[in-house]
Amino acid sequence: MSVRFKKRARLILLPLVSVLIFTVALNFWAHQNPARIDLTSGHVYTPDSNALAVVGGLTKAINITFFYDVRSRAMQDARYLLEYYAQLSPFINLSAHDPVLEPAIAELHQVKFAGAAIFESDGRRVRLEQLDEVQFLNALIRVSSDAAGLVCFTDGHIESNPFSFQSHDHIENEDHGHDHSFGGRPLTLHERHGMGMAKNALETMGYKVEQRLLLGGPNALAGCSVAVVASPQAAFSEREGAQLDTYLRNGGHGLFMLEPFIESGLDELLETYGIAVSLN
């Protein structure tokens, strides 16, 4: 091999070896110093300050088992967000699985389909089917902290029931003001709504939810962080109003959701707190 050829080979190989060494070093540094750059104008991939505060304030170990479909962009984005949380906090241990490729792990967690996230810590377990940042943060709060409080819904006056989902059917076409029908034909929709959705949201945030009968005794609202009167259709008795009054005077909190044209029997109670009720 001529001296000239050796020099030419050296001149070609040295830059390639230098680039290879630089690439390996950069990847090693990136692995040791995880960070992400959000180039979107709205910073849609950057957690807000509240999210960073929640993740940064964790003090208990949390195991997150995430089941996703590798073909789904939305599930991949959710996995990236959870991985970012795990990078930010040493208390988060994340494992991600495709239930089709790893059926044994899916069966262990009783998961049949992709799109589920299970948060566990100190015996608490929260399972999510909605994969967004708000739900993730609520699950972290719920499994990492003691119960936020007890929300007590009054019962016995045909109130909205937090333990059931109400539903109704209605027909949509142009005659009903809005139209989601197909081909101009009326479409019957079955909609699910109700106070049960509020209960689920409260439990996701770490609250416990109970129903209480005010006629159950003088301490019917004992331990309640807040008493909720949710759209009663029958009036409260004077004895029940006195129960609520005693609870509020002793530092309790109340949320009164009253409907127009419905006599609740709570007008005098609310007037003592500067609230006027109009039935019109």
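None of LEU137, LEU131 is under 13 Å from ILE64 (Cβ atoms), aliphatic (A, V, I, L, M) and in contact with a strand residue (DSSP E or B) (Cβ under 8 Å, 6 or more places away or on another chain) except LEU131.
Of the residues making up region 233-257, those that are over 19 Å from ASN219 (Cα atoms) and surrounded by fewer than 17 Cβ atoms within 10 Å (Cβ to Cβ) are GLN233, ALA234, ALA235, MET257. Exactly one residue out of ALA106, ALA114 is in contact with a helix residue (DSSP H, G or I) (Cβ under 7 Å, 6 or more places away or on another chain) and within 12 Å of PHE67 (Cα to Cα): that is ALA114.
Looking at GLY184, GLY194, can you tell me which residue is modelled with pLDDT under 80 and either under 21 Å from LEU270 (Cβ atoms) or exposed (fewer than 15 other Cβ atoms within 10 Å of the Cβ) (or both)? On inspection, the qualifying residue turns out to be GLY184.
From the list LEU94, LEU81, LEU128, LEU101, the lone residue that is under 19 Å from GLY57 (Cα atoms) and either within 13 Å of the chain's Cα centre (by Cα) or free of Cβ contacts under 8 Å to residues at least 40 places away in the same chain (or both) is LEU94.
The values are calculated or read from the model by the stated rules, or taken from the named source; none is laboratory data. Quick caveat: nothing in here was measured; it's all calculated off a predicted structure. Don't worry about glycine lacking a Cβ; one is built from the backbone with ideal geometry, like all the others, and counts go over all protein chains shown.
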